[in-house]
Structure formats: C-alpha cells, structure tokens
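Notes follow the structure.
The values are calculated or read from the model by the stated rules, or taken from the named source; none is laboratory data. Nothing here was measured: the structure is a model prediction, and the numbers come from that model. Cβ: placed from backbone, ideal geometry, glycine included. Neighbour counts: every protein chain shown. These area figures cover heavy atoms from the full protein model, side chains too; ligands, DNA and RNA do not enter into them. Shrake-Rupley method; radii C 1.70, N 1.55, O 1.52, S 1.80 Å.
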Amino acid sequence: MISTVLGRVLAAVPVLIGIAVVSFFLIRLVPGDIVNVMMGEDFGDPALEAELRRLFGLDQPIHIQFADWFGGLVQGDLGTSLRTGRPVMQEILERFPTTLELAVAALVVSLAIAIPAGIVTATRRNSSIDMGARLASLIGLSLPNFWLGILLILLFAVFLRWVPSSGYAPFALSWDHFQFLILPAITLGTSLAAVTMRMTRSSLLEVLGVDYIRTARAKGLSERAVVTNHALRNSLIPVVTVIGIQLGGLLGGTIIVEQIFSWPGLGSLLVRAIYQRDYPMVQGLTMFLAFFFVFMNLVVDLLYVYLDPRLRRHG
Amino acid sequence: MLALVRDRVGLLGLTLVGLAFFAAIIGPFIAPHDPTEIFGDQRLAPPSSTFLLGGDELGRDILSRALHGARISIFVGVTVVALAGAIGVTLGVIAGYYRGPLDSLVMRVMDTLFAFPTLLLALVVVAVLGTAIVNLIAALTIVYVPAFARIARGSTLSVTSEPYVEAARSLGVSDFRIIRRYVLPNITAPITVQFTVSLAYAILVEASLSYLGLGVQPPDASWGLMLSTGKPFIELSPWLSIVPGLSIMFTVLGFNLVGDALRDAMDPRLRSREQLSQRV
C-alpha cells in the first residue's frame, strides 16, 4: 500500500515540474515584458527601465532567471504583485478558503443530485423518469454555467427574492453567509452533476448485470439491499474517476461563477489580475490552481486504491 | 452517417448542428439589420414586429446580433478543432508509431498541458497574447491539442501492433505510407467523436472567455459577449440573456448529441450492450 502511494506521488512530480516550466515561459510570451507593463506612461526612460530590469532579475540570462524563480517557488515564494506590492502567495492563501468553500459546496450539490438520480435511472431503466433524467443531464452538460447563473439570479433573486443576486459575507454558520453561497454552488454543481449522473447510471447498470448480483438476488435479498450493499460500492470506482477529471472543470468554473456572483475567491482575483496585467499574480494563480488540480487528482487516485483492493496489490 | 440519421437522438443532434451552421453561413445575409447599427428608440425594446427578438442595451437588433454571433462561435469552434486536431493527431500518431524517447517527450508535454484546467489555460494564454480572435483561436487550440494527441497515440499503438502493419513493415513499405494507408484510416472513429465533443466545448469556452471580456471584443457580436453586456439589464429585459443563452445551449447540445450518437454508431460493443446508458 505504501509503495503504491509513493509511486503515485512520484509520478506527479514531473507533471508539477512541467507546470512550473510552462507557467514560467508562458508569462515570457507577453509582448514586451512586465517591465514595459509596469512603466506605463514612463516608458522610454532608460534609467528607470534598467533599474526595474535589474530589480526583477530580467537582466540575467533566461536559465538564471528560471533557476532563481524556481528556487523561490520551492520555498513557496511566488513573487510580488505588481499592483498591491504584497506577496502573491499571501494574497492567494487569503482567498483560497473562499474558493475551496465554493468548490466543496458545488461538489456536494452535484453529488446530492447525481448519485440518487444515477441510482434511480439505472434501477428504472427506460422508464419515463430515466428518459427525463437523461435528457436533463445532457441539457445540464450543454448549459453554459454563466448563463445558468444568470437564469438562477433572475428566478431566485429578482422574481422570488429568496436570496441575494450576488455578494459575500464572511464565513459563519449562519444564513447571512449561506444565502450568498446557494446560487453559485448550484450553478457550479449542475454541470458536474450531469456528468456524474451519466457515469453513475452506466456504471451501476454494468455492475447490476454481473453474476454476483444475480446470486444476491437469488438468495432472496431485497432490491434495495442488492443495490446499496453489493452494486453501488463497486460501481463507484469509475464515478470517482470522473469526479477527479471534472475537478479541473470545477476549478475553471469557479473563475467564471465567482465573477457572476461577485464571490471574492481565486477566480475573481485571477480575472482582476488579468485586467490589471498583474503578471506575477496571473503566473502565481495559474501555478497554484494547476498544482491544486494535480493534487486533487492524486487524492482521487489514492481514493480508488482504497475503494478497489485489487489496485493495492497491482499498484 | 446513415446510422446517425437513423438514430433519433443523432438526428435531433444533426438538426441542431445543421441549424447552427445554417445561421453561421446564411444568417448574416438574412439578418434584418446590421448587428452594430444602433436604433435609439429600440433600446431594451421587447420583441416586436420591427425587432423580432427585441433590442439590446444600446438599441441594436438582438436577432441580427445572435445570427452574427453564430458565425463567430462556429468559426472559432471549427477552426480550433481543425487546428488542434491536425496538430494533436500528427503528434499522437508520430509518438505512437515511433515510440521510444520521442513518444515520452511528446506525451510528457501533453500531460503537462492536460494538468491545467481548460478554462484556466485558455484564459491565461489570451491574457498573455492579448484579446483578438486570432489569439483566442491560438489559446483554444493549445488547450485542445493534448486530447487529440492522447487519443491518436492510443489508437496508433493499438493499430501498429496489428499483423497487417507488421506485414507492411516486413515488405519494406515506408513509414509515411504505412501511416497514411493503414494507421490513419483505422483511427478515424475515436478522432471523429473527439472532434464533435471538442467542438461543443470549444464553443462553450469561447463564450466563457467572451463573457469575461477576453474573447470577442465589442462592437462585434458574440453570444458570450451578448450575455455579458445584457446581464446588468436582466431585470428589465430578460430576453437580452435568453436569446444568446439558448443559442449556445442548443448548439452545444446538438454537438453533444451527435457525439453521443457517433460513439454508439462506431462502437458495436456499446450498441449491443444497451442502447446506451450514456445517451438519452
């Protein structure tokens, strides 16, 4: 088991290094460079330009720049924001819990919809419920989440006035906080639910057709016991895989959903940094989100080692 | 294709896709107004006989803008999958055919690009290159190359282990000819499915970037941009958001349905097991 875990962790290292390399060179594609961006109206002052270049280490050869930057990175230093002058890592860590809360809430919403819907559609195959849920899942997959967000605002905030249209209140176990979380979480969770439901259904259908399920039925077990005790756990492995793959979409989704609902997380920080051309912040956020994505995939990888004992033996 | 037409779901998908292409090609010619022309008296006007789908926040015809938006969405989507497909399939086939260090290098680069969430990577590339349609296409192409490369490599690996490829090699047939005559024709099925799926998502990501103001720029019409500029007025004029939103949804739904139907038609195992659980 330990060697399996270690193997998965080591396999992620080259990808993490690759992310760092891509993030470093991507920002170097900016027309001109960040010094030109920073100088703005002072562009053309050679002394200031040379000073800024020296300050940011841009007067060094590219491999030295990379080595310096990478050295800082492994110590958790992602540079300094051009706009606020604060360490990028500090700003990211301040906002990360807010984004994480939204992502977790969206995941909970999606699982609350997808798993029961997947079970119902699989156990009542070809019924009208099944057809309706499958059509709904395809529509959910095709809905742009920013449009769904707008529609939810229109219905629940503008017409029904049940919740505010956007905004945020500091975390607390109270309605004052959660009223702002509901619409973004539903918006983000819906498309994830569509994919997860489809996978739960097809995976459960496959498991329900195998011999040990027939044996369980022949023993006289109730259909509920067959599904919950024998079929569901075995059908969850591909579902976990899909959830892992979808986490990237979830992180990408937070960028746009935070923007719609004025949710002050990493997504809105990234969009603001892009508008302000705060490149160290853009670079830091890109790396952080990609690292987090890889980390979550690693967690998912290890989760199915737990769910499927065969993987423990075969690595 | 015939199987696709016979399948009800596939036919529905093809119809939606056909409508989107029709709007993209013919739309601008049949649009009642210039999409950028401002009619002061039609600002936020509800649907009427003059403006069939109403007027936007500046008094432009929403129907004309939606028709032009179709052209941009379809153009960006098709160009992106064509480029990403060409680059990705080339890289994947080369990696899968020659294997060895070249395969490792190509696939590690693809793995790295795959590690970035799609929208994040597209957003950052556009942020770095600047907002222009060409840059938007470049960003989305970079995002979708790895998916094509992975699928092409996997399929190539399986085809090159077939006896007929071994036989061609032993007869001294050139690598280029083997790839052209034996490998490419046998990997088209999964690539075709990937084309439709990527096209659907490319349209969604283009709309997302335009919504964030980093895609198509005003005064050009794009569905994502229309949703973004219409959002502050949803209370007064919901049709500002409904028209472009439905346009995106039905187009993407069409490609998803075609993708699902194609997957079924090309995989007899799935067809026989069940008229597929994954599909409506």
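Here are the numbers:
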{"quantity": "Kirkwood hydrodynamic radius over Cα pairs of the range B:155-197, then Stokes diffusion coefficient at 20 °C and 1.002 mPa s, in µm²/s", "calculated": "197"}
{"quantity": "Chain A: relative contact order in percent, alpha carbon pairs under 8 Å with at least 6 residues between", "calculated": "26"}
{"quantity": "B:S222 long-range amide H proximity, modeled H, under 5 Å", "calculated": "none"}
{"quantity": "On Cα atoms only, tilt of A:279-307 relative to the major axis of chain A in degrees", "calculated": "30"}
{"quantity": "Estimated vicinal HN-Hα couplings, Hz - the range A:102-108 in sequence order (Karplus 6.51, -1.76, 1.60; Gly, Pro = x)", "calculated": "5, 5, 5, 4, 5, 5, 4"}
{"quantity": "Most fluctuating residue given options B:D61, B:D103, B:D41, as computed from a GNM of chain B linking Cα atoms under 10 Å", "calculated": "B:D41"}
{"quantity": "Shape of the range B:139-221, Cα gyration tensor, a/c cut at 1.5", "calculated": "prolate"}
{"quantity": "Zero-based 20 Å bins, Cα pair distances in the protein assembly as shown, whole percents", "calculated": "18, 52, 28, 3, 0"}
{"quantity": "Å² of accessible area per residue within the range A:88-314, as computed with a 1.4 Å probe and no ligands counted", "calculated": "42"}
{"quantity": "Peptide A:134-145, shielding by other chains (average Cβ, 10 Å cutoff)", "calculated": "6"}
{"quantity": "Per residue accessible area of the range B:47-164, 1.4 Å probe, in Å²", "calculated": "35"}
{"quantity": "Sites A:K219 and B:S48 - FRET efficiency at Förster radius 51 Å, r taken between beta-carbons, to 0.05", "calculated": "0.15"}
{"quantity": "Accessible-area order (highest first, 1.4 angstrom probe) of the listed residues A:M131, A:M296", "calculated": "A:M131, A:M296"}
{"quantity": "With all protein chains modelled, accessible area of A:V239 [1.4 Å, Å²]", "calculated": "0"}
{"quantity": "Interatomic Cα distance distribution for the range A:88-314, bins of 5 angstrom, percent", "calculated": "1, 7, 12, 15, 16, 15, 12, 9, 6, 4, 2, 1, 0, 0"}
{"quantity": "Rounded percent of accessible protein surface that carbon and sulfur make up, chain B, 1.4 Å probe", "calculated": "67"}
{"quantity": "Under 5 Å, built H, 5+ apart or other chain: amide partners of A:T80", "calculated": "A:V88"}
{"quantity": "Over the range A:55-175, relative contact order from alpha-carbon pairs under 8 Å, at least 6 apart, %", "calculated": "7"}
{"quantity": "Axial C-alpha extent at least 20 Å, average Kyte-Doolittle at least 1.0 - helices from chain B (DSSP)", "calculated": "B:8-25, B:62-98, B:133-160, B:188-211, B:239-266"}
{"quantity": "Area accessible to solvent at B:H33, 1.4 Å probe radius, in Å²", "calculated": "40"}
{"quantity": "Peptide-level mean, for B:122-130, of C-beta atoms on other protein chains within 10 Å", "calculated": "6"}
{"quantity": "Span per principal axis, largest first, for the Cα atoms of chain B (Å)", "calculated": "76, 45, 32"}
{"quantity": "Chains B and A, summed buried accessible surface - 1.4 Å probe, Å², nearest 100", "calculated": "4300"}
{"quantity": "A:F292 accessible area, assembled protein chains, probe 1.4 Å, Å²", "calculated": "40"}
